[in-house]
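Q: I have a structure I would like to understand better, so I am pasting it below and will then ask my questions one at a time.
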Amino acid sequence: MQLAPTPRDVVLSDGSARLYRFRADAGPAARRPAVLCVPSLINKWYVLDLRRGASVVAALGAAGCDVFCLDWGEPGDEDRYLEWDEVLARLGRMARTAQRLAGTERLGLLGYCMGGTLAAIHAALQPESVGALVNLAGPIDFAHAGILGHLVQPRWFDPEAIASAGNMTAGQMQAGFAALRPTAPLAKWVSFLDKLAEPEKREAFEALEAWASDNVAFPAAAYVRYIRELYQENRLVQGTHAVAGRRVDLGRIRCPALTVTTSRDTICPPAAALALNERVGSSDRRVLGIPGGHVGAVVGERARAALYPALGEFFQQALG
């Protein structure tokens, strides 16, 4: 089993982060619609290129796109002071590099999970450079953040106190997600017994398990701002969130926008993601609902049937 199998090159390094460009099978890449994939800050990027047949980036490449992906890297202890504004600045540098290499003035953005939140913020700050935006299960309205939102209510959760010792470790982050479904580990291994006789399903399970166990820390300073201003104060959807002194106005996004929701999503309930379509200034606002959970809907069998073709078609229509 090979994880992250799609051939790629590192085209930019920025601190611990890297920008990948995936190799095209045929034809000059400069003529292809360029798409930058933005994963979550706290999970490894390769959920978007998990294995053969379960890869967002491979599907976009097969659909004729020039595909880039941001790898946020693994923050070290020295990154505890990395601010939220610098995270967005790093995304901006990656986006500009992808534009330059692809030879385009307008880039497609696909953000997954927290990456959807970050991609929407970037698109609002730099609307002239974004030609299409996909929010793939990324929260926008944190009033609908579900159980995660409840866990970090300011009545009993102080992010500054929690992060005072340094970066939020992968174990600390995983504990929060485990609280969403305490019986999930047991159910997971029970279901694995049913897959033993089917090599394809067993490989899919093992690949997802490897990725789910391969998490990274959340830089402390960025974590405090993210929890306080987005989860606790819901500033993004209210239009009061600011980055580097600039107010983030989602209404400035006028490119075609697609929001993808998953039916059993406990990390980003559909209402949290759909708020993007209610706030953007674009006349082309689309919604795609995928059966399944937050991760399974992106790498499972339904993704191949419904999600991947829709993403390729959307970017070709918006950018082609």
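Coordinate-derived values only; no laboratory data. Only a predicted model underlies this, so the values are computations on that prediction, with no experimental measurement involved. Counting neighbours? That spans all protein chains shown, and the Cβs are built from the backbone with ideal geometry, glycine included.
Q: For segment 31-81, what are Rg and Dmax over the alpha carbons, in angstrom?
A: 13.3, 42
Q: Moving on to the next point. With each run of n ≥ 4 DSSP H residues scored as -39500 (n - 2.57), what mean residue ellipticity at 222 nm is computed for the chain after dividing by its residue count and rounding to the nearest 500 deg cm²/dmol?
A: -10500 deg cm²/dmol
Q: Further question on the same structure: Can you give me the span-like helices of the chain, meaning DSSP H runs with 18 Å or more of Cα extent along the axis and Kyte-Doolittle mean at or above -0.5?
A: 84-102
Q: For T169 and W156, compute 0.36 nm times the residue count separating them, minus their Cα-Cα distance, and round to one decimal in nm.
A: 2.7 nm
Q: Here's a follow-up. Calculated FRET efficiency, R247 and E203, Cβ-Cβ r, R0 51 Å, to nearest 0.05?
A: 0.65
Q: Principal axis extents for segment 2-159, Cα atoms only, whole Å, descending order, please.
A: Ordered largest first, segment 2-159 gives principal extents of 56, 36, 33 Å.
Q: So for the pair T240, A210, with labels modelled 7 Å out along Cα→Cβ, what separation do we get in nm?
A: Between T240 and A210, the label points sit 4.6 nm apart.
Q: Find the relative contact order for segment 8-319 and round it to a whole percent, using C-alpha pairs within less than 8 Å whose residues are 6+ positions apart.
A: Worked out over segment 8-319, it gives 24 percent.
Q: On each of the three principal axes of the Cα atoms of segment 8-319, give max minus min coordinate, whole Å, ordered largest first.
A: Extents along the principal axes, in whole Å: 57, 53, 37.
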